[in-house]
Amino acid sequence: QVQLVESGGGLVQPGGSLRLSCAASGSIFSINTMGWYRQAPGTQRELVAKTTSDGFETSLDFVKGRFIISGDNAKNTIYLQMNSLKPEDTAVYYCHANLFVLGYGPPEDYWGQGTQVTVSS
């Protein structure tokens, strides 16, 4: 019904940059929020940043000033520009969307397959 496809992960040196993309497709009526979570080995998945359809953005303190979330409502796509990357940013990054599916009732949560980001020299 709905798919979230991520791209842009990889290996980067400390201080470097990466840009993640996530495109939502399928039977989408409208999107409430889209965002990025991450999960490092042995830890819980945590919110990195999210944005709403009216442009309100939230990001966690540990990424403020380094990561920028943006979106293209017409393409149902969000981006995460990650700058000044640190080894502790190493994790699998997951795209998340809370959206209304065509023909169904309450909004539902969807997840992408995850993309690995490794920050290492």
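The values are calculated or read from the model by the stated rules, or taken from the named source; none is laboratory data. These numbers were taken from a predicted model, which means no experiment stands behind them. As a convention, Cβ positions derive from the backbone with ideal geometry for all residues, glycine included, and neighbour counts pool all protein chains shown. For accessibility, only protein heavy atoms count, side chains too; no ligands or nucleic acids. Shrake-Rupley method; radii C 1.70, N 1.55, O 1.52, S 1.80 Å.
A Cβ distance below 7 Å, combined with a sequence gap of six or more or placement on separate chains, defines the contacts here; from the stretch 97-121, residues that are more than 14 Å from residue 38 (Cα to Cα) reach residues that are among the aliphatic types (A, V, I, L, M) and open to solvent by 50 Å² or more (accessible area, probe 1.4 Å) in the pairs 120/11.
In the stretch 24-50, the residue that is nearest to residue 106 (Cα to Cα) out of those that are within 10 Å of the chain's Cα centre (by Cα) and open to solvent by 30 Å² or more (accessible area, probe 1.4 Å) is 50.
Take residue 48 and tell me if it is more than 20 Å from residue 121 (Cβ to Cβ) and not basic (Lys, Arg). Against the criterion (more than 20 Å from residue 121 (Cβ to Cβ) and not basic (Lys, Arg)), residue 48 qualifies. Scanning the stretch 75-84 for residues that are on the phi > 0 side of the Ramachandran plot and over 11 Å from the mean Cα position of the chain (by Cα) turns up at least one hit.
Can you find, within the stretch 92-117, the residue that is modelled with the highest pLDDT among those that are open to solvent by 40 Å² or more (accessible area, probe 1.4 Å) and part of a loop (DSSP other than H, G, I, E, B)? Filtering first and then ranking leaves 113. So, in the stretch 64-91, exactly how many residues are without any contact (Cβ under 8 Å) to a residue 24 or more places away in the chain, among the aliphatic types (A, V, I, L, M) and either closer than 21 Å to residue 44 by Cβ or surrounded by 14 or more Cβ atoms within 10 Å (Cβ to Cβ) (or both)? Within the stretch 64-91, residues that are without any contact (Cβ under 8 Å) to a residue 24 or more places away in the chain, among the aliphatic types (A, V, I, L, M) and either closer than 21 Å to residue 44 by Cβ or surrounded by 14 or more Cβ atoms within 10 Å (Cβ to Cβ) (or both) number 1.
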